[in-house]
Amino acid sequence: MSIIRSIIRSTGGYLPENILTNAALAEMVDTSDEWIMQRSGIKERCIAADDETTGDMAVAAGRMAMERGCVEAQDIDGVIIATTTPDKTFPSVAVKVQDELGLPVGLAFDVQAVCAGFLYALSVADSFIQTGKARRILVVGAEKMSSILDWEDRSTCVLFGDGAGAVILERGEGDGGISDRGVLSTYLYANGGQADLLYTDGGTSTSGDSGHIKMQGREVFKYAVQYMSDVVMEALDANNLVSSDIDWLVPHQANSRIIEATAKKLKLPMEQVIMTVERHGNTSAASIPLALHEAVFDGRIKQNDLLLLEGMGGGLTWGAALIRF
Ligand code: ACO
């Protein structure tokens, strides 16, 4: 019996030109390359220009995904953007992307689940395709994290970067088994009781501005390792898979130590883990699709490879997706 599957047709990515190294950061706040590398694995990150918005980056990544997939604008009937740093409170980044890419009238909205945002957006897009609401959806994770950083707070400003990653998800068919191409299953969680661990100290209905990132780093680290490990094991167990069935782990890029701990739990060698954190820093909702795009672009990830995507962010929110590329 044939069933509907949402298949990743193509990927795209965009990183701002301006690179901020740890050495340059050490001239701004009391930190060092050694401390940042040892604690987070980050060497540098890209920072958007003052006049470059999340929407601009999302458009660039989306355009690349369209070009790489040879997809015409009129053949895309939806756009979902995962972001925490929209250009405006409203309208959404999604409507800007829809307009600038010349997409036809169709569904367009933003999803906000911070660093787990892309997993949430992907899961929603998959559901829309499965239920026949859309046939081909542009899904983008895009962030200008530099706009919500306190550049005098060394405990947070060294960790984040800007960028955008995109996929085009389209309706395909499979037989319902694990060898189908497409999104095989997704897992989404949130625990609002942990909102105080990672948040911004402002917002449109409170301070009237977007506020700045505040984080209890040690606590976030602890839960990240626990939740990531649990959710990847859940994804494997639910599909009767073992870790050796996975070709690539594509994790949210917050911290190399968190990624290594998850890979260890999976007993997956680091050679099968896509790592961009050293050069991108934590780009929040953009990090998973950017990592995916990079590994597809350089030929590591190939058609039919089994991918496990996972991430956690403020909320706390977390999730995973099992995908045959
Ligand atoms: N440079 C130098 N020293 C620093 C810096 C810095 N940039 N930042 C903090 N320190 C100091 C602290 O002041 C503290 O000094 P003290 O001992 O004199 O008080 C010392 O370093 C240790 O601080 P900790 O916060 O305990 O350091 P830790 O080893 O926990 O590392 C880090 C901090 C990197 C933030 C770590 O806890 C971490 O990675 N947490 C997870 C953060 C994360 O991944 N967030 C994102 C996930 S969710 C999302 O993506 C939105």
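Which one of these is away from the ligand (no atom under 16 Å from the Cβ), in a loop (DSSP other than H, G, I, E, B) and not aromatic (Phe, Trp, Tyr): LEU292, LEU241, LEU249? The unique qualifying residue is LEU241.
With respect to the conditions (1) under 21 Å from the mean Cα position of the chain (by Cα); (2) β-branched (Val, Ile, Thr); (3) in a loop (DSSP other than H, G, I, E, B), ILE178 falls short on a single one, namely (1). Residue-level check: of (1) buried (at least 24 other Cβ atoms within 10 Å of the Cβ); (2) out of contact with any Phe, Trp or Tyr (no Cβ under 9 Å at 6 or more places or on another chain); (3) farther than 25 Å from ASP180 by Cβ, VAL250 misses just (3). Within segment 198-231, which residues are more than 11 Å from the ligand (Cβ to nearest atom) and in contact with a His (Cβ under 8 Å, 6 or more places away or on another chain)? The answer is ASP201, GLY202.
Of all residues in segment 268-289, exactly one satisfies the criterion of being within 14 Å of the ligand (Cβ to nearest atom) and assigned to a strand (DSSP E or B), namely ASN282. State whether the residues of segment 192-209 include one that is over 19 Å from ALA116 (Cα atoms) and either part of a helix (DSSP H, G or I) or of a type in the set (Asp, Glu) (or both). Within segment 192-209 (the criterion being over 19 Å from ALA116 (Cα atoms) and either part of a helix (DSSP H, G or I) or of a type in the set (Asp, Glu) (or both)), the answer is yes, since at least one residue qualifies. Does ALA49 satisfy the condition of being out of contact with any strand residue (DSSP E or B) (no Cβ under 8 Å at 6 or more places or on another chain), more than 16 Å from the ligand (Cβ to nearest atom) and within 30 Å of ALA108 (Cα to Cα)? Spelling it out, ALA49 is indeed out of contact with any strand residue (DSSP E or B) (no Cβ under 8 Å at 6 or more places or on another chain), more than 16 Å from the ligand (Cβ to nearest atom) and within 30 Å of ALA108 (Cα to Cα).
Among the residues here, THR54 qualifies as out of contact with any Phe, Trp or Tyr (no Cβ under 6 Å at 6 or more places or on another chain) and buried (at least 21 other Cβ atoms within 10 Å of the Cβ).
For the condition at pLDDT 95 or above and touching a strand residue (DSSP E or B) at 6+ places or on another chain (Cβ under 7 Å), what is the one hit in VAL71, VAL105? On inspection, the qualifying residue turns out to be VAL71. Would you point out which residue out of MET57, MET64, MET37 is at pLDDT 95 or above, within 16 Å of the ligand (Cβ to nearest atom) and either closer than 17 Å to GLU100 by Cα or not polar (S, T, N, Q) (or both)? Step by step, each of MET57, MET64, MET37 is checked, and only MET37 is at pLDDT 95 or above, within 16 Å of the ligand (Cβ to nearest atom) and either closer than 17 Å to GLU100 by Cα or not polar (S, T, N, Q) (or both).
The values are calculated or read from the model by the stated rules, or taken from the named source; none is laboratory data. What you are looking at is a predicted structure, and each value in this text was computed from that prediction instead of being measured. So basically every Cβ, Gly included, is an ideal-geometry build from the backbone, and we count neighbours across all protein chains shown.
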